[in-house]
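To start, the structure under review is shown below, and the notes come after it.
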Amino acid sequence: MSKPKVGIFGLTGCAGCQLAIINCEDELLDIVGAVDLKSFVMAQSNNEETEFDVAFVEGSVVTREDEHYLKEIRSKSGILVAIGSCACFGGIQAAANDREREDLLQIVYGTKENFYEARKVAALHEVVKVELQIPGCPIEKSEIISGIASLLRGDTPLIPTYPVCLECKYKENLCLLKERGDMCLGPVTRAGCDARCPSHGVACRGCRGPVEEANTASEYSILLEKGYAEEDIKRALRTFAYATELKEKL
Amino acid sequence: MATEVLLGQGSVRILPKKYAAQFYKNLGVFGELHGPVQVKPGLVVFGPAASFSDLALDQVRTLLPVKKYLFPPKEEQYRFSTREGFVEPEVEEKRTVLFGVHPCDINAVALLDRVTSWKYPDPKYRARRQRLIIVGVDCIPDEYCFCLPMGSHTADEGFDLFLTDIGEEYFVQVGSSLGERMLRESWDLVKQVEQEHIEAFHQRAEERQKAFRHDLDAHRLAQAILVGFSSPVWDEVGKKCLSCGSCAATCPTCCCYDVLDEVNLDLKSGVRIRRWDDCMQPEFALVAGGHNFRAERSTRFKMRFMHKINSFKAEFQRLGCVGCGRCIAGCPADINVIEVFQKITGKKVTSVAG
């Protein structure tokens, strides 16, 4: 069997997810050994404009250029995998999605003129068909490696469907939401990070996006009861996933 | 000669508290010493405790129960490769003496022992169980405790030694032949039981019983859950529930798990793991084809208690809830099971917020 042709691409984002792949130092040779890496602009030269069996795309659609580029990648790829919370849910750049572009341009650039053809921020699946999502800010090294292995095997990657709270409990952390009254988004955020932040005493900010069936309404009223202002709660919940999942709820 | 005295299971002795530290140290002969340790304010966990003074015996509950010693949150079942076939991880030979286990937790272990040796024996659990020595210590309940109505406030089995606080002394009960050997190791520290100690033991039991605050009727629960199958109580709770699984993770009797294969990039080797799973997760009752038997949180919550109460009672002749209060103490949404039980049995709610 010939190795699957793979491309790794970035739209608007911090490029941290692509970096996370490069950071798989011990496994990098295994990865490039298992696949035929045709395009990975961040990591190699001589990239090929060709068809791909699997395309991994980071970042979200923020400009018209992003939109065209994504559609082009889509047209050349068998399986399109959204990697990182920007690609999956819009990411931080979507946090202001409820405001007009013109107003934002005025605030940021001092003019309403849209040089970059900025558009309302979208997650990949809002623009093209996406087969799989690997969330995270950035993606977890272990999830990208096991994700590639699953795809090679013809399986879907195992991404946790339970919230951060479970991993936090397994590690026997003090509950920051309940015991300290912190604005912790662990109950509505997808696990897979091994509760990294709460394990260091820092409340979860929801960087892995909403867990399946996130009970945002209950989280919202819990935080309200703890005395947080409505705007602050909304802002926190919107940080990573406002383009998609939480749009309707907030 | 001390060794000539036949002790046996069910024997009793008195340990003056001034010798407790030495008694504890002597237990180290039998395994690594563990017990409830205060990590920070509001957080007590079972963990290594070299000396008696490290123990937080006045604390009511640990975050995770004893099951973490018997059935870790995530464990390797075996490694597999096309070259070597299946390779099971080496079994740790280390023994652990877990000191300060409360009656609710002892009853929970006794129940897990039955579950894991029932229709489908669990060799990994059994191997770990044989290396876990349990020394129980009694306790005074707090506002989340409801072991008394659940019938788990005393322990008749599942411990090697059990210590009851009777003031200046501990009343020591032997629960196994190993417990007998452990007591013999400290024979010079313990003394015979006199009538006054028996009286003090029962006085302590009375005091303890009076400290329980909640009116619950566990005998009616199974029936009440069926009668109240369409009760609004479940929807009420379902709205608040975050499906975070904290209740199941910290429950001393919850033992559902999921089995997953993590295959390496070479596609020729990997590891089969099992990890705790729980019925509060949306995927728990999701089957091939995409149908979910319990898509609603309220139905998952109801199912959790039907299993704990009705199913455990039918299968093991005892309730699957020991009233330890961990699910209340740990619920971020302040769902209180005492309140749910009281509502479902038509009683006045006496519980406090979680």
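The values are calculated or read from the model by the stated rules, or taken from the named source; none is laboratory data. What you see is a predicted model, and the numbers here were worked out from it, not measured in a lab. Glycine gets a Cβ as well: all are built from the backbone with ideal geometry, and neighbour counts include every protein chain shown. For accessibility, only protein heavy atoms count, side chains too; no ligands or nucleic acids. Shrake-Rupley method; radii C 1.70, N 1.55, O 1.52, S 1.80 Å.
The residues on offer are B:Gln203, B:Gln209, and the sole one that is under 23 Å from B:Val322 (Cβ atoms), surrounded by fewer than 20 Cβ atoms within 10 Å (Cβ to Cβ) and either of a type in the set (Gly, Ala, Ser) or out of contact with any strand residue (DSSP E or B) (no Cβ under 8 Å at 6 or more places or on another chain) (or both) is B:Gln209. Residues considered: B:Asp156, B:Asp142, B:Asp165. Of these, the only one that is out of contact with any Pro (no Cβ under 8 Å at 6 or more places or on another chain), free of Cβ contacts under 8 Å to residues at least 12 places away in the same chain and in the same structural domain as B:Asn107 (by TED's automatic domain parsing) is B:Asp156.
B:Lys308 satisfies every condition listed in (1) within 14 Å of chain A (Cβ to nearest Cβ); (2) touching a Gly at 6+ places or on another chain (Cβ under 7 Å) except (1).
For the criterion of being of a type in the set (D, E, K, R) and in a loop (DSSP other than H, G, I, E, B), B:Asp258 fails.
Has the stretch B:48-71 got any residue that is more than 25 Å from B:Thr164 (Cβ to Cβ) and part of a loop (DSSP other than H, G, I, E, B)? Within the stretch B:48-71, one or more residues are more than 25 Å from B:Thr164 (Cβ to Cβ) and part of a loop (DSSP other than H, G, I, E, B). Here is a list: B:Phe80, B:Phe52. Which entry is open to solvent by 20 Å² or more (accessible area, probe 1.4 Å) and away from chain A (no Cβ under 14 Å)? The match here is B:Phe52. Can B:Lys313 be described as open to solvent by 60 Å² or more (accessible area, probe 1.4 Å) and more than 11 Å from every other protein chain (Cβ to nearest Cβ)? When the stated conditions are applied, B:Lys313 passes them.
Scanning the stretch B:266-300 for residues that are farther than 30 Å from A:Val35 by Cβ, within 12 Å of chain A (Cβ to nearest Cβ) and hydrophobic (A, V, I, L, M, F, W, C) returns B:Trp276, B:Cys279, B:Met280, B:Phe284, B:Leu286, B:Ala295. Of all residues in the stretch B:326-354, those satisfying the criterion of being in contact (Cβ under 8 Å) with a residue 24 or more places away in the chain, within 14 Å of chain A (Cβ to nearest Cβ) and small (Gly, Ala, Ser) are B:Ala329, B:Gly330, B:Ala333, B:Gly354. Does A:Val108 qualify as being touching a strand residue (DSSP E or B) at 6+ places or on another chain (Cβ under 8 Å), away from chain B (no Cβ under 14 Å) and either open to solvent by 70 Å² or more (accessible area, probe 1.4 Å) or not in a helix (DSSP H, G or I) (or both)? No; evaluated as a whole, the condition is false for this residue. Restricting the search to helices (runs of 4 or more DSSP H) fully inside the stretch A:158-250 and requiring at least 1 residues that are more than 24 Å from B:Gly47 (Cβ to Cβ) gives A:216-225, A:230-238.
Yes or no, residue by residue, for (1) open to solvent by 10 Å² or more (accessible area, probe 1.4 Å); (2) farther than 22 Å from A:Ile145 by Cα; (3) not in a strand (DSSP E or B):
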| site | (1), (2), (3) |
| --- | --- |
| A:Asp66 | yes, yes, yes |
| A:Glu72 | yes, yes, yes |
| A:Gly78 | yes, no, no |
| A:Val81 | no, no, no |
| A:Ala87 | no, no, yes |
| A:Ala96 | yes, yes, yes |
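Taken over the stretch B:48-76, the residue count meeting the criterion of being among the polar types (S, T, N, Q), in contact with a strand residue (DSSP E or B) (Cβ under 7 Å, 6 or more places away or on another chain) and at pLDDT 95 or above is 1. Applying the set (1) free of Cβ contacts under 8 Å to residues at least 60 places away in the same chain; (2) open to solvent by less than 40 Å² (accessible area, probe 1.4 Å); (3) within 14 Å of chain B (Cβ to nearest Cβ) to A:Gly154 leaves exactly one unmet item: (2).
A quick yes/no check of all residues on (1) in contact with a Lys or Arg (Cβ under 9 Å, 6 or more places away or on another chain); (2) more than 20 Å from A:Ile134 (Cα to Cα); (3) at pLDDT 95 or above:
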{"site": "A:Met1", "(1), (2), (3)": "no, yes, no"}
{"site": "A:Gly13", "(1), (2), (3)": "no, no, yes"}
{"site": "A:Cys17", "(1), (2), (3)": "no, no, yes"}
{"site": "A:Leu29", "(1), (2), (3)": "no, yes, no"}
{"site": "A:Leu37", "(1), (2), (3)": "yes, no, yes"}
{"site": "A:Val54", "(1), (2), (3)": "yes, no, yes"}
{"site": "A:Ile73", "(1), (2), (3)": "no, no, yes"}
{"site": "A:Cys86", "(1), (2), (3)": "no, no, yes"}
{"site": "A:Tyr116", "(1), (2), (3)": "yes, yes, no"}
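Take the conditions (1) closer than 30 Å to B:Val91 by Cα; (2) modelled with pLDDT of 95 or more; (3) of a type outside the set (D, E, K, R); B:Ala127 misses just one of them, which is (2).
Taking the stretch B:238-265, which residues are facing chain A (nearest Cβ under 7 Å) and more than 23 Å from B:Asp334 (Cα to Cα)? Passing the criteria: B:Leu260, B:Glu262, B:Val263, B:Asn264, B:Leu265. Collect the residues in the stretch B:267-298 that are assigned to a strand (DSSP E or B) and under 29 Å from B:Val233 (Cβ atoms), keeping them in residue-number order. The answer is B:Trp276, B:Leu286, B:Asn292.
Would you confirm, using the coordinates I've provided, whether A:Val41 is in contact (Cβ under 8 Å) with a residue 24 or more places away in the chain, over 25 Å from A:Gly192 (Cβ atoms) and hydrophobic (A, V, I, L, M, F, W, C)? Yes, satisfied. Scanning the stretch A:6-23 for residues that are within 14 Å of another protein chain (Cβ to nearest Cβ) and either touching a Ser or Thr at 6+ places or on another chain (Cβ under 9 Å) or surrounded by fewer than 15 Cβ atoms within 10 Å (Cβ to Cβ) (or both) yields one hit, A:Val6.
For every residue, the table says whether it meets (1) at pLDDT 95 or above; (2) farther than 25 Å from B:Asn336 by Cα.
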{"site": "A:Ala191", "(1), (2)": "yes, no"}
{"site": "A:Asp194", "(1), (2)": "yes, yes"}
{"site": "A:Cys197", "(1), (2)": "yes, yes"}
{"site": "A:His200", "(1), (2)": "yes, yes"}
{"site": "A:Ala203", "(1), (2)": "yes, no"}
{"site": "A:Asn215", "(1), (2)": "no, no"}
{"site": "A:Ile222", "(1), (2)": "yes, no"}
{"site": "A:Leu246", "(1), (2)": "no, yes"}
{"site": "A:Lys249", "(1), (2)": "no, yes"}
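It is to be established whether one or more residues within the stretch B:74-84 are outside the structural domain of B:Cys255 (by TED's automatic domain parsing), closer than 16 Å to B:Gly175 by Cβ and not in a loop (DSSP other than H, G, I, E, B). No, every residue in the stretch B:74-84 fails to be outside the structural domain of B:Cys255 (by TED's automatic domain parsing), closer than 16 Å to B:Gly175 by Cβ and not in a loop (DSSP other than H, G, I, E, B).
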